[in-house]
Amino acid sequence: MDFAKLQGSGNDFILIDNRDGRVYKKTEELGVCLKEFVVKVCEPHKGVGADGLILIEEPEDSSNHFRWQFFNSDGSEAEMCGNGSRCAVRFCYDLGIVDKYVKFETLAGVIKAEVLEDGKRVKVQLTPPSEPVDKTLLVDGRELKGVFINTGVPHFVVPVDNLEGTDVRGLGRAIRFHEEFQPKGTNVNFIEPVSADTIKVRTYERGVESETLACGTGATAGAIVAYIKGLVSKKPVKVVTRSEELLIIDFDKELKEVFLNGSVYKVFEGTLSYEIFL
Ligand SMILES: N[C@@H](CCC[C@H](N)C(=O)O)C(=O)O
């Protein structure tokens, strides 16, 4: 089964054109459920390895170009994925399914996108975020102040003074599973201002259950929180991700229009071997 691997700021994804239902036929043939298929294919070393897997499907509304199903590497399905959406648009652009202006269906709603530089950059308009909410959590016996905001998926944003010295894995995990956010949990972003229009961010990602090199909806959450908290004063906000690639976030005052812009790279194309599932 043919697939492509693409990455946006180091957040990497396996993409499969499933408009003919080939994945469902293959999983039935192999006797594995869809979740097991995702986990096996996303597994590093024994599988292809990626933060997530994206299936491209026919749209339910013919005015949209496609529908997608997004899965984290642990097999959990998520409503939205900022970097994954940029990779999906580029994948469909290369397939000839879309041209410069794109609309596609996600569990978070219809996402609009624009292909730039012949697919080497993609700009997506995220769904309007939820109202940011200040929260103070008790984590490992100490108070932690942050802001909860849903930018297509849930994020808790924690401003810190020393991002490099932050225990992203330990603190991130504790917050991700904190009772405040159950049952679904949340992604966790630690941010540090760099200049009037730039922040650095590190993200512990729900469903990957680790720090990733970038998270598009997380970078967006971090940029919005940095701006409303006065940590940055200019827009668009540049976000330096863990991969050191930049994501550009712009948004209006009312948070009705939010844009995520960044590079997309096709890493390779290949064919899955059934031996992944042995
Ligand atoms: N990396 C993604 C977020 C993917 C979903 C997230 N892990 C979740 O389950 O909420 C992004 O770029 O936004």
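A short reminder: the numbers here are calculations on the coordinates, not readings from a lab. Please read all numbers here as calculations on a predicted model, not as lab measurements. Neighbour counts run over all protein chains shown; Cβ positions are idealised from the backbone, glycine included.
Some notes on this structure:
- Of all residue pairs spaced 6 or more apart or on separate chains, those with beta-carbon atoms under 9 Å, a first member in region 211-230 that is without any contact (Cβ under 8 Å) to a residue 60 or more places away in the chain and a second member that is of a type in the set (Asp, Glu) and more than 8 Å from the ligand (Cβ to nearest atom) are Ala223/Asp250.
- Only one entry in Lys123, Lys103, Lys135 is more than 21 Å from Asn189 (Cβ to Cβ), part of a strand (DSSP E or B) and not aromatic (Phe, Trp, Tyr), namely Lys103.
- Total residues in region 208-244, condition of a type in the set (Ser, Thr, Tyr) and more than 16 Å from Val158 (Cα to Cα): 4
- Taking the criterion of being over 16 Å from Tyr93 (Cα atoms), part of a strand (DSSP E or B) and of a type in the set (Ser, Thr, Tyr), the only residue of region 251-273 that qualifies is Thr271.
- Per the listing Asn189, Asn150, the residue uniquely crowded, with 24+ Cβ neighbours inside 10 Å and touching a Ser or Thr at 6+ places or on another chain (Cβ under 7 Å) is Asn189.
- Reported count of residues in region 216-236, each being in contact with a helix residue (DSSP H, G or I) (Cβ under 9 Å, 6 or more places away or on another chain), within 21 Å of Asp134 (Cα to Cα) and not in a helix (DSSP H, G or I), is 3.
Matching residues to (1) more than 17 Å from Glu269 (Cα to Cα); (2) surrounded by fewer than 14 Cβ atoms within 10 Å (Cβ to Cβ):
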position: Met1; (1), (2): no, no
position: Asp20; (1), (2): yes, yes
position: Tyr24; (1), (2): yes, yes
position: Leu34; (1), (2): yes, no
position: Pro44; (1), (2): no, yes
position: Val48; (1), (2): no, no
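- Residues in region 162-178 that are of a type in the set (Gly, Ala, Ser) and within 21 Å of the chain's Cα centre (by Cα): Gly170, Gly172, Ala174.
- When region 45-100 is filtered for residues that are assigned to a loop (DSSP other than H, G, I, E, B), charged (D, E, K, R), within 13 Å of the ligand (Cβ to nearest atom) and touching a strand residue (DSSP E or B) at 6+ places or on another chain (Cβ under 7 Å), the ones remaining, listed by number, are Asp51, Glu79.
Table: residues versus (1) acidic (Asp, Glu); (2) more than 29 Å from Ile14 (Cβ to Cβ); (3) surrounded by fewer than 19 Cβ atoms within 10 Å (Cβ to Cβ).
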site	(1), (2), (3)
Cys215	no, no, no
Gly218	no, no, no
Ala223	no, no, no
Ala226	no, yes, no
Ser233	no, yes, yes
Val240	no, no, no
Lys253	no, yes, yes
Val267	no, no, yes
